[in-house]
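These notes concern the structure reproduced below.
The values are calculated or read from the model by the stated rules, or taken from the named source; none is laboratory data. This is a predicted model, so every value here is computed, not measured. Here the Cβ is made from the backbone with ideal geometry for all residues, glycine too, and neighbour counts use every protein chain on show. Ligands, DNA and RNA are excluded from the accessible area calculation, which covers all protein heavy atoms including side chains. Shrake-Rupley method; radii C 1.70, N 1.55, O 1.52, S 1.80 Å.
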Amino acid sequence: MKVIKAKTAGFCFGVKRAVDTVYEQVGTCEGPIYTLGPIIHNEEVVKDMENRGVTVLRNEEELNSLAGGTVIIRSHGVEKRIYDILEEKRIRIVDATCPFVKKIHNIVQKESREGKHIVIIGNPEHPEVEGIRGWAGDHVTVIQSVDDAENFIPGEKEKLCIVSQTTFNYNKFKDLVEIIKKKSYDVSVLNTICNATKERQTEAESIAKSVDAMIVIGDKHSSNTQKLFEICRTACNNTYYIQTLDDLDLNQLGSVETVGITAGASTPNNIIEEVQNNVGIIF
């Protein structure tokens, strides 16, 4: 039987950079180390960091209680006011925000200062979107669905600037942009979906269309993995979403001839390899 692993599966540039940053600090930094929220959406990685002494701050109340130490900004980025809080408390900041996310922060801050209404296409509850929103000024709207786009009513003659969460589905982004563009006379669209995300989604869909079963590996809280699963499930009915090998019932794959494997941007290679090696055992 044939097992096809996506070449784009696993850590993207921004995630690898953030994870490496934490481990570098663990090896060189004196005093307590904190991350504001999990550095990436992967429980296995976060557990390993906690075992090495890194503390995850789960909310702003915990952040406000700090008296010192180092706070690492995770790959998703944070609102501007978080930087202000840390600087006021004189807490050392190590910024591991993905450069592609940081670019969006700069864009929305600039466009907002020029008087534009910022429209963020993405999940309003995702930390990346929350962070972008915190740089976008007072006139900002987050749109996630067709209903959101259709119900959005900008001010008369209001100029719009549209950006996207880096991991948003590209085809959905295009559809929502078309709806929004009909609502204003002046709309600038900046496709800020990460190229790595588009490549990962395109490859996953291609593999899913060619196999009997598809395995998508990633944390249950990972937005980009959830989108990969949606794409693969549309292309292949037998698609399984797992976090680790323990979540996979190998018996379900016993009768298939070809299996595809992909993984979200926060999935370590060792987890991907473990799944691939054990799936291969039954063939």
(request) Could you pull out the residue among Lys16, Lys7 that is free of Cβ contacts under 8 Å to residues at least 60 places away in the same chain and of a type in the set (Lys, Arg)? (result) Lys16
(message) Checking the structure you have, find out if any residue of region 2-16 is in a loop (DSSP other than H, G, I, E, B), in contact with a Ser or Thr (Cβ under 7 Å, 6 or more places away or on another chain) and modelled with pLDDT under 90.
(response) no
(message) Anything in region 192-208 that is part of a loop (DSSP other than H, G, I, E, B) and either modelled with pLDDT of 95 or more or of a type in the set (D, E, K, R) (or both)? List them, or say none.
(response) Thr192
(request) Please determine, by comparing only the residues of region 246-270 that are open to solvent by 30 Å² or more (accessible area, probe 1.4 Å) and in a helix (DSSP H, G or I), which one is nearest to Val15 (Cα to Cα). (result) Asn269
(request) Could you check how many residues of region 98-116 are in contact with a strand residue (DSSP E or B) (Cβ under 7 Å, 6 or more places away or on another chain) and without any contact (Cβ under 8 Å) to a residue 60 or more places away in the chain? (result) 2
(message) Here's a check for you: in region 35-59, which residue that is under 23 Å from Ile82 (Cβ atoms), more than 20 Å from the chain's Cα centre (by Cα) and not hydrophobic (A, V, I, L, M, F, W, C) is most open to solvent (accessible area, probe 1.4 Å)?
(response) Glu50
(message) Every residue in region 143-174 that is assigned to a loop (DSSP other than H, G, I, E, B) and open to solvent by 80 Å² or more (accessible area, probe 1.4 Å), please.
(response) Gln144, Ile153, Glu156, Lys157, Lys159
(request) Name every residue in region 209-243 that is open to solvent by less than 30 Å² (accessible area, probe 1.4 Å), over 13 Å from Val3 (Cα atoms) and in a loop (DSSP other than H, G, I, E, B), in order of residue number. (result) Gly218, Asp219, Ser222, Cys236
